[in-house]
Amino acid sequence: MAAPCPGAACRPRPLPVARLHLGAILATVATFTMFGLLFTLPQFFGAVYGTDAFGTGLRLLPVIGGLMVGARVAGRLAERIGAKVVVAAGLALMAAALGFGATTSVDTGYGYVAAWVCAAGLGLGFAMPPAMNAALGALDTRRSGVGSGLIQAMRQVGSAIGVAVLGTVLNAAYRDGLPADATDAVRNSASGGVEVAGQLGSTQLLDSVRTAFVQGMDSTLALSAVLAAAGAVLALVFLPARPPDPPQEDEAAPLPAESTV
């Protein structure tokens, strides 16, 4: 039979909301901005380079390579210099990489694209794991599941919002760059515009579609770069340089004592 709780001693302590939410927000910002790259590049490779799905996947491998290297190095650096510097540096690197990506043109070769794509993946690897660790480190082991669920939920919401917002920016800039007499099939998507241009054998229409799409992609990447830079400033200002150790089990709220009659 459970004994009555002795006053306020058994009340659960409040979650350290500031640290938990800040880490979750920074992880969400990193995810949001990365969708500017992941949403536009496959379409860019298909519309401008004319690659198929397999070729597009191969050209996105530098993102994975940069992410793996960044995540591996970030953990070691965070232990030495703290998560504050590592997360801010990762978001700043993402902002710089996406800023360079915003200068991409129709004539840009893949070497330049691969370089800034790899740098963006490296920045994501630097920013994401330390930001999540900073959030989860604020919790004791009994509350880590709740914190992890909150972070994952915020990341999923950030991904969905990122696709909606960045897709709107891309679509609006793409349509503005097309000729006034472009058909609906051309305006709906760059892939549709390339297909129509191929059916008509119109080199002029094909160039217009590619140029308009690259302009839209550059606008999307520029917005992503601004958001990543804002995240870097947020990390520098509010993220603790050396967060305190997480609460231990015996420091958490005591459980009701069990007694038998």
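Note the full-extension length gain between Ser189 and Ser105 as 0.36 nm times their separation in residues minus their Cα-Cα distance, in nm to one decimal.
Full extension of this stretch gives 28.4 nm more.
Residue by residue, what Karplus-based ³J(HN,Hα) values in Hz, rounded to whole numbers, does region 65-75 have, using 6.51, -1.76 and 1.60 with θ = phi - 60° and x for Gly and Pro?
After applying 6.51 cos²θ - 1.76 cosθ + 1.60, I find x, x, 5, 5, 5, x, 5, 5, 7, 4, x Hz.
Describe numerically, in nm with one decimal, the distance between label points set 7 Å from Cα along Cα→Cβ at Gln156 and at Arg72.
Going from the Gln156 label point to the Arg72 one covers 3.1 nm.
Just to be sure I understand the curve: with the Debye formula and one point per C-alpha of region 22-145, what is log10 I(q)/I(0) at q = 0.19 Å⁻¹?
-0.96
Given H placed 1.01 Å from N in the peptide plane, which residues other than close sequence neighbours of Ala182 have an amide H under 5 Å from its amide H?
Long-range HN contacts for Ala182: none found.
When the distances between all Cα atoms of region 165-243 are binned every 10 Å from zero, what whole-number percent does each bin get?
Taking every Cα pair in region 165-243, the percentages come to 19, 36, 18, 13, 9, 4, 0.
Each value in this text was obtained by applying a stated rule to the coordinates, not by laboratory testing. Since the structure is predicted, the reported quantities are computational estimates derived from the model, not experimental observations. Every residue, glycine among them, receives a Cβ derived from its backbone with ideal geometry; neighbour counts consider all protein chains shown.
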